[in-house]
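Everything below concerns the one structure shown next.
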Amino acid sequence: SERFSSRSIASTYDEVEYAPGSHASVVGAMEDRLISTVVSELRSAGGEPRVLDFACGTGRIAHRLELEGLNPTAVDVSDAMVERARLRCT
């Protein structure tokens with residue numbers, strides 16, 4: 001979406017969209033728990049999961065996957081969002 005291609009939107013996206021108490025922050029907390037569960041299940045099935053974070057935005061999910069010890073590939077159509085993701089992720 002062109003809405004997310006602007007540098008100004010990308011630079012404040014997490015602080016605005018995922019502000020404490022926001023709907024997105026509640027969903028994000030549920031996603032964090034789900035990611036841990038899914039990664040654990042994939043590992044118990046054997047092998048190391050390979051993960052693609054499509055439409056990665058500012059890298060919130062990719063960073064969470066890194067905390068699980070994975071090395072996700074993250075892509076987005078917005079260069080501004082990818083720049084923010086690079087700052088967040090290792």
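The values are calculated or read from the model by the stated rules, or taken from the named source; none is laboratory data. Computed from a prediction, not measured in an experiment: that's the story for all the values here. Every residue, glycine among them, receives a Cβ derived from its backbone with ideal geometry; neighbour counts consider all protein chains shown. Accessible surface is based on the protein model in full, side chains and every heavy atom, while ligands, DNA and RNA are left aside. Shrake-Rupley method; radii C 1.70, N 1.55, O 1.52, S 1.80 Å.
Determine the per residue accessible area of the chain with all protein chains present and a 1.4 angstrom probe, expressed in square angstrom. Display every interim value, and only then the final one.
Values: 5970 Å² over 90 residues.
Value returned for the chain: 66 Å² of accessible area per residue.
Between residue 27 and residue 83, what FRET efficiency comes out of the Förster formula 1/(1 + (r/R0)^6) with R0 = 22 Å and r the beta carbon distance, rounded to 0.05? Intermediate values should be presented prior to the final figure.
On the way: r = 24 Å, r/R0 = 1.09.
Efficiency computed from Cβ-Cβ geometry: 0.35.
What does the helix-only formula give at 222 nm for the chain: each DSSP H stretch with n ≥ 4 adding -39500 (n - 2.57), the total divided by the residues, and the result rounded to the nearest 500 deg cm²/dmol? Let's see the in-between values first.
Details: 4 runs with 51 residues, N = 90.
Helix contribution divided over all residues of the chain: -18000 deg cm²/dmol.
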Shape box of segment 36-90 [Cα atoms, principal axes, largest first, Å]: 36, 17, 14
FRET E, pair residue 6, residue 75, Förster distance 25 Å, beta-carbon r, rounded to 0.05: 0.85
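For the chain, which whole-number percentage of the solvent-accessible area (1.4 Å probe, protein heavy atoms only) is attributable to carbon and sulfur atoms? Mind showing how you got there, number by number?
Working: 3370 of 5970 Å².
Accessible surface attributable to carbon and sulfur in the chain totals 56 percent.
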